[in-house]
1. Identify, by number, the condition in (1) touching a helix residue (DSSP H, G or I) at 6+ places or on another chain (Cβ under 7 Å); (2) surrounded by fewer than 23 Cβ atoms within 10 Å (Cβ to Cβ); (3) closer than 30 Å to Asn173 by Cα that Ile99 doesn't meet.
2. Within region 227-252, how many residues are within 12 Å of Arg84 (Cα to Cα) and either without any contact (Cβ under 8 Å) to a residue 60 or more places away in the chain or buried (at least 18 other Cβ atoms within 10 Å of the Cβ) (or both)?
3. Return the residues of region 73-89 that are surrounded by fewer than 20 Cβ atoms within 10 Å (Cβ to Cβ) and outside any strand (DSSP E or B); say none if nothing qualifies.
4. Counting just the residues of region 1-53 that are touching a strand residue (DSSP E or B) at 6+ places or on another chain (Cβ under 7 Å), without any contact (Cβ under 8 Å) to a residue 60 or more places away in the chain and of a type in the set (D, E, K, R), which one comes out surrounded by the most Cβ atoms within 10 Å (Cβ to Cβ)?
5. State yes or no: is Ala258 out of contact with any strand residue (DSSP E or B) (no Cβ under 9 Å at 6 or more places or on another chain), among the hydrophobic types (A, V, I, L, M, F, W, C) and either open to solvent by 50 Å² or more (accessible area, probe 1.4 Å) or assigned by the TED database to the domain that holds Ile163 (or both)?
6. I'm checking my understanding of the structure. Among residues of region 45-72 that are of a type in the set (Asp, Glu) and not in a helix (DSSP H, G or I), which one is nearest to Arg265 (Cα to Cα)?
7. Step by step: first the residues of region 211-226, then only those that are free of Cβ contacts under 8 Å to residues at least 60 places away in the same chain and farther than 14 Å from Ile163 by Cβ, then the one that is surrounded by the fewest Cβ atoms within 10 Å (Cβ to Cβ). Which residue is that?
Amino acid sequence: MAEIVTLAEAIGELVADGDVVALEGFTHLIPTAAGHEIIRQGRRDLTLVRMTPDIVYDQLIGAGCARKLVFSWGGNPGVGSLHRFRDAVQHSWPVPLEIEEHSHAGMANRYVAGASGLPFAVLRGYVGTDLPSVTATIKPITCPFTGEQLTAVPALNPDVTVIHAQRADRAGNVQLWGLLGVQKEAVLAARRSLVTVEEVVDELTPVPGAIVLPSWAVTKVAEVPGGAHPSYAQGYSERDNAYYAAWDAIGRDREEFANWLRQVREEVPA
């Protein structure tokens, strides 16, 4: 059953050097505070996984936490490039970064396969793209029933999945609603999981469109109000568009980024 702990305790117990770590969230409920705690605790050699890595992955990469990124689009939404990501790929700064690129559909299907206990997923995808020629984890497969040429991608089973949600009850059941990505599948596919939440409540009341991750599927829960900032948590906070715009200048310059990184490392964890 899920254990309710502090954010610092959760990261300290769940995330180790060399782990495969997924911090999932699609525009909404991005677990930024957890990413910053990974930076503060100085984790290294991580394989970071995410469908749409945005600025929290830029920050993790710039802080030297990652050796590899498995992804399906990377950018600062509505603003432009991720400059720490670009610097790592082009100039190996602060450390070299290996990349494994997929499509959104490919990544989603990989999580579903992982959550289902299957070794790989099959889809009609990647046709007409160059990705199979540069990504070793994309392979052609022939349907044994129709002879149709399809594509296979291996299951994703992160060592740790981290997501943010609106609330959890004191037994560790987690409730989230609004714009969802692959949070459910990513948690169920993982060996260990952390959910940061806006609040811990006595009882989860029904919300239209909400899903519940049962306590047995979650390893740790940490109460971190505002833990998705600068993204948003429906019903609790608004997206901080100015933060995304300001990040472009910070991420573009190594010295400015170093100043930002120093501040994050000095913050008191939740």
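1. Answer for Ile99: the failing condition is (3).
2. Counting residues in region 227-252 that are within 12 Å of Arg84 (Cα to Cα) and either without any contact (Cβ under 8 Å) to a residue 60 or more places away in the chain or buried (at least 18 other Cβ atoms within 10 Å of the Cβ) (or both) gives 4.
3. Trp73, Gly75, Pro77, Gly78, Val79, Ser81, Arg86, Val89 - these are the residues of region 73-89 that are surrounded by fewer than 20 Cβ atoms within 10 Å (Cβ to Cβ) and outside any strand (DSSP E or B).
4. The extreme case among them is Arg50.
5. Working: out of contact with any strand residue (DSSP E or B) (no Cβ under 9 Å at 6 or more places or on another chain): yes; among the hydrophobic types (A, V, I, L, M, F, W, C): yes; either open to solvent by 50 Å² or more (accessible area, probe 1.4 Å) or assigned by the TED database to the domain that holds Ile163 (or both): yes.
Spelling it out, Ala258 is indeed out of contact with any strand residue (DSSP E or B) (no Cβ under 9 Å at 6 or more places or on another chain), among the hydrophobic types (A, V, I, L, M, F, W, C) and either open to solvent by 50 Å² or more (accessible area, probe 1.4 Å) or assigned by the TED database to the domain that holds Ile163 (or both).
6. The residue in question is Asp45.
7. This residue is Pro214.
A quick yes/no check of all residues on (1) basic (Lys, Arg); (2) modelled with pLDDT of 95 or more; (3) touching a strand residue (DSSP E or B) at 6+ places or on another chain (Cβ under 7 Å):
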site: Val127; (1), (2), (3): no, no, no
site: Leu131; (1), (2), (3): no, yes, yes
site: Lys139; (1), (2), (3): yes, yes, yes
site: Ala152; (1), (2), (3): no, yes, yes
site: Leu156; (1), (2), (3): no, yes, yes
site: Arg170; (1), (2), (3): yes, yes, yes
site: Leu176; (1), (2), (3): no, yes, yes
site: Glu185; (1), (2), (3): no, yes, no
site: Val197; (1), (2), (3): no, yes, yes
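The values are calculated or read from the model by the stated rules, or taken from the named source; none is laboratory data. On a predicted model such as this, the values are computed, not experimentally measured, just so you know. Ideal geometry is used to build each Cβ from the backbone, glycine not excepted, and the neighbour counts take in all protein chains shown. In case anyone asks, the SASA skips ligands and DNA or RNA and just uses the protein heavy atoms, side chains included. Shrake-Rupley method; radii C 1.70, N 1.55, O 1.52, S 1.80 Å.
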